[in-house]
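The values are calculated or read from the model by the stated rules, or taken from the named source; none is laboratory data. Predicted model, so just to flag it, every value in this text is computed and none were measured. A quick note on method: Cβ atoms are made from the backbone with ideal geometry, for glycine too, and the neighbour counts reach across all protein chains shown.
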Amino acid sequence: MHTLTADTPDLAAYDVILVNSSGGKDSQAMLDVVCTLAQRAGVLDRVTVLHCALGHVEWPGTSELARTQAEHYGVRYEERHREQGLLLDQVCRRGKWPSASARYCTSDQKRGPARKIITQLVAELGDLDRPARVLNCMGLRAEESRARLRKSPLSRDEAASSGRRIVDTWLPIHDWTEDQVWQRIRQSGVPYHPAYDQGMTRLSCSLCVLASRADLIRAAQLRPDLAAEYATLETEIGHRFRNDMSMSDIITAAAASSAVSLEGAEHAAVVELGQGQLWWPRFERHTDRYGTIFLCTGPDSEDYVTFESAPVGSRGRLVAVVLETRPSVHCGDLTRGLAPTTPAVGEEITLGSGTVFTEPDPDTGLPTAVGLVPDDGRDEDWLDPRALYRCHNQTVRLELRAA
Ligand code: SF4
């Protein structure tokens with residue numbers, strides 16, 4: 001539930017409500033807030049979601065996801081891209097990568113197309129005998145940076161306003177924490193991008209000039225071809241991706257961190273544990289431990305994968321690779337607002353990291369449940385409940401990978 005504050009605008013006072021969506025978590029939570037309030041005000045039909053597509057430099061599936069999210073709320077979806085060329089064309093032409101102080105990527109790839117669609121949406125209104133009122137919504141949060149902290153949650157955009165339109169910018173989740181964002185997404189039950197389950201903290205460009213070092217290294221591991229393309233361009237233009245880190249530094253760090261974790265693993269880099277429909281014992285939810293799962297292979301009570309060969313005592317990351325999907329009938333974890341969501345075939349979902357253990361079936365004594373004990377000694381959420389509810393009842397290949 002969004003708390004109305006002095007900075008919450010009256011949505012019914014606007015002719016156009018534009019939601020800028022990158023497809024990422026903040027956009028997603030913001031979309032839920034805006035659509036909930038617009039529905040309540042009876043103006044849901046005035047909402048348009050705009051996704052400024054960045055081409056192959058953004059995470060695969062982002063445009064499709066942004067569309068799916070808009071369709072979930074029954075609102076109009078529009079996709080635009082910079083007609084004069086995408087990001088790497090710009091970098092090539094300018095001979096420089098964007099940076100925090102020269103962030104031409106955002107102004108050209110996102111703000112420019114947003115201005116154009118505002119013009120289009122206002123034109124569609126016809127003659128109103130007054131300037132059209134436009135609410136331009138963005139998912140910026142204060143805790144992301146000092147520059148964002150200084151922004152007002154509701155402000156007049158004089159540069160975008162004209163005699164034909166008055167444009168206000170609204171940041172509906174400006175004061176939210178990351179936890180609040182995820183809570184809202186879980187409550188909504190709307191799918192989010194799988195890159196988050198693969199260790200990324202932000203979306204948009206996979207290799208963003210403003211990303212954290214950890215995100216860049218992880219992205220280079222997940223998208224090595226793209227990282228290599230960036231490194232080639234870096235050499236061609238003779239300008240480092242970032243002052244503090246070149247793309248070739250990032251690729252080297254990505255390879256080194258894979259090598260370190262592989263060296264530390266006591267078993268092969270990937271150990272397949274079995275295939276089947278993923279469930280977990282009821283007590284895991286009741287106790288909040290969420291520590292073990294099992295894989296069903298058929299309708300009978302004995303149709304379970306047994307984990308007799310699992311490398312008990314080894315450390316690693318438990319990953320479910322989705323092979324086949326179906327809706328889950330699980331009621332979810334109501335106290336936490338967690339509900340099952342249906343993943344995509346091929347999605348790789350990290351369930352957790354820690355030390356492998358198995359537990360026996362009470363009737364047969366066979367080890368049909370497998371789990372990980374986390375390193376930090378916590379009692380709850382040994383595996384990630386959000387990831388578990390993404391896999392529930394899905395046919396997966398369960399793998400132990402080097403952490
Ligand atoms: S995600 Fe990063 S690199 Fe991509 S457009 Fe935004 S600021 Fe620029």
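Data table
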{"item": "Residue count, region 162-194 (criterion: of a type in the set (D, E, K, R) and in contact with a Pro (Cβ under 7 Å, 6 or more places away or on another chain))", "result": "3"}
{"item": "Exclusive hit being of a type outside the set (Phe, Trp, Tyr) and within 17 Å of the chain's Cα centre (by Cα), set ASP89, ASP32, ASP45, ASP7", "result": "ASP32"}
{"item": "Residues satisfying the stated conditions in region 348-366, i.e. farther than 27 Å from VAL181 by Cβ and surrounded by fewer than 21 Cβ atoms within 10 Å (Cβ to Cβ)", "result": "THR355, PHE357, THR358, GLU359, PRO360, ASP361, PRO362, ASP363, THR364, GLY365, LEU366"}
{"item": "Given (1) away from the ligand (no atom under 16 Å from the Cβ); (2) at pLDDT 90 or above; (3) among the acidic types (Asp, Glu), number of the condition GLU263 does not satisfy", "result": "(2)"}
{"item": "Residues that are more than 20 Å from the chain's Cα centre (by Cα), surrounded by fewer than 18 Cβ atoms within 10 Å (Cβ to Cβ) and among the basic types (Lys, Arg), drawn from region 312-347", "result": "ARG326"}
{"item": "Residue selected from region 71-110 under the condition within 26 Å of ASP244 (Cα to Cα) and among the aromatic types (Phe, Trp, Tyr), by the criterion surrounded by the most Cβ atoms within 10 Å (Cβ to Cβ)", "result": "TRP97"}
{"item": "Residue check, SER63 assigned to a helix (DSSP H, G or I) and closer than 23 Å to SER188 by Cβ", "result": "yes"}
{"item": "Among the candidates GLY55, GLY23, residue that is closer than 19 Å to CYS205 by Cα and surrounded by fewer than 23 Cβ atoms within 10 Å (Cβ to Cβ)", "result": "GLY55"}
{"item": "Answer residue from region 214-253, given it is among the acidic types (Asp, Glu) and surrounded by 15 or more Cβ atoms within 10 Å (Cβ to Cβ) and is farthest from LYS96 (Cα to Cα) among those", "result": "ASP215"}
{"item": "Test: residue in region 36-44 that is surrounded by fewer than 19 Cβ atoms within 10 Å (Cβ to Cβ) and either hydroxyl-bearing (Ser, Thr, Tyr) or within 10 Å of CYS137 (Cβ to Cβ) (or both)", "result": "yes"}
{"item": "Count of region 186-206 residues which are within 16 Å of the ligand (Cβ to nearest atom) and under 22 Å from ARG401 (Cβ atoms)", "result": "6"}
{"item": "Qualifying residue in region 355-368 (condition: touching a helix residue (DSSP H, G or I) at 6+ places or on another chain (Cβ under 9 Å) and of a type in the set (A, V, I, L, M))", "result": "no"}
{"item": "Output for region 24-58, where each listed residue is closer than 22 Å to GLU124 by Cα, in contact (Cβ under 8 Å) with a residue 60 or more places away in the chain and within 16 Å of the ligand (Cβ to nearest atom)", "result": "LEU50, CYS52"}
{"item": "Candidate set: region 59-70, residues that are within 16 Å of the ligand (Cβ to nearest atom) and either over 24 Å from GLU83 (Cα atoms) or among the hydrophobic types (A, V, I, L, M, F, W, C) (or both); chosen: the one surrounded by the fewest Cβ atoms within 10 Å (Cβ to Cβ)", "result": "LEU65"}
{"item": "Answer from GLN183, GLN187, GLN221 - the residue that is in contact with a Ser or Thr (Cβ under 7 Å, 6 or more places away or on another chain) and either at pLDDT below 85 or under 30 Å from THR325 (Cβ atoms) (or both)", "result": "GLN221"}
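Per-residue answers, yes or no, for (1) modelled with pLDDT under 95; (2) in a strand (DSSP E or B):
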| residue | (1), (2) |
| --- | --- |
| LEU18 | no, yes |
| SER27 | no, no |
| HIS56 | yes, no |
| GLU78 | no, yes |
